[in-house]
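**Student:** I'd like to ask some things about the structure below.
Computed from the coordinates by the stated procedures, all read-outs in this text should not be read as laboratory data. Here the structure is a predicted model, which means the values were calculated and not measured. Positions of Cβ are backbone-derived with ideal geometry, glycine not excepted, and every protein chain shown enters the neighbour counts.
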Amino acid sequence: MTQPTATAAPREERRKGFPHDRYMESAGIPIHRGYYIEDLRTVEVGWWQARECHAAFIQLNGLEGVSEVRVTEIPPGATLPPHRLPVDEAVYVLQGRGLTTVWQEGSSLKKSFEWQPRSMFMVPRGFSHQFSNTTGDRPVRLMHFNYLPIVMSAVLDIQQYTPPRNEALLTTELYAEAKAVVDEYAFGGQRHYWYGNFFPDMAAWDKLDAQPERGAGGNVVFVQFAGSEMSCHMSTFPSRTYKKAHRHGPGRAIVIPGGTGYSILWEEGKEKVVVPWHEGSLFTPPNKWFHQHFNVGAIPARYLAMHPLPQFSGHAEKVEDRARDQIEYPDEDPWIREKFAVELAKTGITSLVPDQAYRDRDYQWAYMGGKG
Ligand SMILES: [Fe+2]
């Protein structure tokens with residue numbers, strides 16, 4: 001019987017972090033840490049010789065060892081060298097316009113599609129791909145999200161692995177028009193899941209379901225990438241409102257397609273961290289930290305949450321009381337409401353969260369479109 005090759009790092013190396021941490025260090029590009037990045041469009045990038053591009057890793061608290069986030073910059077008019085990953089990768093366009101070409105070695109099928117700010121697409125594992133900036137005056141910035149940290153711990157030589165040809169994607173699903181399917185929802189009832197690999201503008205999306213469990217008259221759309229375990233959701237909620245605090249597992253990367261506001265992150269009983277956001281901001285709620293989103297702008301705010309693998313959903317509902325993972329308005333720290341009033345007052349506006357929502361646990365919000 002053949003034994004697996006032992007390529008694990010020595011014990012002292014393992015103490016320094018996960019294989020993915022050592023991989024990031026070896027790339028020689030900036031690794032940004034903390035709770036949030038206020039603007040991914042301007043965060044510092046550095047030259048990555050192996051990929052022949054400018055890039056940076058974003059290793060926020062709560063992403064470590066679970067999900068990888070990086071930013072790539074493409075100069076005006078430039079095309080990056082072809083690349084192939086052993087894992088699926090979601091890409092969100094932070095800035096600029098361009099083109100992605102995707103193909104699989106040994107197949108004549110080659111697909112190209114154009115994107116713009118706030119487009120989102122997935123590059124499937126094993127497919128070669130190439131990114132171009134099709135404008136002559138402005139750099140492109142892309143945000144990438146994948147599960148490489150998990151895979152690199154489980155399969156130490158994953159970088160040398162090329163997945164087998166994915167016949168299903170080659171024949172029917174590769175960048176076909178996204179389809180809506182109805183699915184069971186964790187909070188009960190049914191939800192639309194959008195199934196596809198290319199979504200032209202996440203800021204213009206208006207086919208949303210109501211999201212009554214989180215309050216604030218908010219809406220949501222769930223996306224399942226075709227042929228992948230990777231998924232995400234995008235929430236919108238009205239100006240001058242805020243959502244209920246909740247918590248779950250690590251590995252989510254939340255990027256803002258539009259709106260102005262802030263989020264508060266805290267571990268139960270500990271100090272609160274305030275995260276300001278606007279288009280291009282990124283933050284990650286650390287594992288089992290409560291987080292709560294506040295819209296202080298004049299328009300509905302949107303946040304796009306890239307999900308970790310389902311193993312990391314981290315909800316307690318299967319073994320405990322789901323209510324322990326969400327704080328209803330009547331139960332929240334009064335400071336939350338006071339801070340919201342102070343932030344709104346800076347632009348001369350006031351909260352639209354009705355008094356009754358702070359008294360009535362079953363308060364029914366009005367929802368824009370969708371189903372309640
Ligand atoms: Fe969350």
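**Student:** Give me THR236, THR135 sorted ascending by neighbouring Cβ count inside 10 Å, so fewest comes first. Mind dumping the intermediate values first?
**Tutor:** Values: THR236 25, THR135 14.
Fewest-to-most ranking of THR236, THR135: THR135, THR236.
**Student:** Shifting gears a bit: Just to verify a number: FRET efficiency for GLN311 and ARG51, C-beta to C-beta distance, R0 = 41 Å, to 0.05?
**Tutor:** Details: r = 29 Å, r/R0 = 0.70.
That gives a FRET efficiency of 0.90.
**Student:** OK, next. In degrees between 0 and 90, to the nearest 10, how far off the longest principal axis of the chain does helix 334-345 point, with axes built from Cα atoms?
**Tutor:** Compared with the principal axis, the helix lies near 80 degrees.
**Student:** Now a separate question. Arranged from highest to lowest average of other beta-carbon atoms within 10 Å per residue, in what order do the peptides 65-76, 206-217 appear? Intermediate values should be presented prior to the final figure.
**Tutor:** On the way: 65-76: 21.2, 206-217: 19.2.
Top to bottom by mean Cβ count within 10 Å: 65-76, 206-217.
**Student:** Provide the gained length on full extension for the span LEU109 to LYS16, in nm with one decimal, where the gain is 0.36 nm per separating residue minus the Cα-Cα distance.
**Tutor:** Values: separation 93, 0.36 × 93 = 33.48 nm, distance 4.31 nm.
Roughly 29.2 nm would be gained on extension.
**Student:** Per residue and in Å³, how big is the convex hull formed by the alpha-carbon atoms of region 179-359?
**Tutor:** Details: hull volume 21.8 nm³, N = 181.
It is 121 Å³ per residue.
**Student:** Scan around ARG125 for amide H atoms under 5 Å from its own, H built in the peptide plane at 1.01 Å from N, and keep only partners 5 or more places away or cross-chain.
**Tutor:** ASP88, GLU89
**Student:** A follow-up question, please. Please enumerate, by chain and number, the lysines with C-alpha under 20 Å from the C-alpha of LYS339, excluding those fewer than 8 residues away in the same chain.
**Tutor:** LYS339 reaches LYS243, LYS244, LYS270, LYS272.
**Student:** Could you tell me the ratio Rg/Rh of region 16-168? Both radii from Cα atoms, Rh via Kirkwood. All intermediate terms of the calculation are to be shown ahead of the outcome.
**Tutor:** Numbers: Rg = 15.3 Å, Rh = 16.1 Å.
Radius of gyration relative to Kirkwood radius: 0.95.
**Student:** Next up: Using a basic spin-label model with each label point 7 Å from the Cα along Cα→Cβ, how many nm lie between THR162 and ILE299?
**Tutor:** The two pseudo-label positions are separated by 4.5 nm.
**Student:** Next up: Can you check what the net charge comes to around MET306, using other residues whose Cβ is under 12 Å from the Cβ of MET306 (Lys, Arg +1; Asp, Glu -1)? Please report the intermediate quantities before stating the final value.
**Tutor:** Numbers: positive: ARG252; negative: GLU68, ASP88, GLU89.
The answer is -2.
**Student:** Also, quick follow-up: Please report the net charge: other residues with Cβ closer than 13 Å to the Cβ of VAL91, K and R +1, D and E -1. Could the numbers behind the result be given before it?
**Tutor:** Values: positive: ARG70, ARG118, ARG141; negative: GLU68, ASP88, GLU89.
Result for the local shell: 0.
**Student:** Taking the square root of 5 times each eigenvalue of the Cα gyration tensor, what semi-axes in Å does the equivalent ellipsoid of the chain have, largest first? Show your work: numbers first, answer last.
**Tutor:** Working: eigenvalues 244, 110, 91 Å².
They are 35, 23, 21 Å, listed from largest to smallest.
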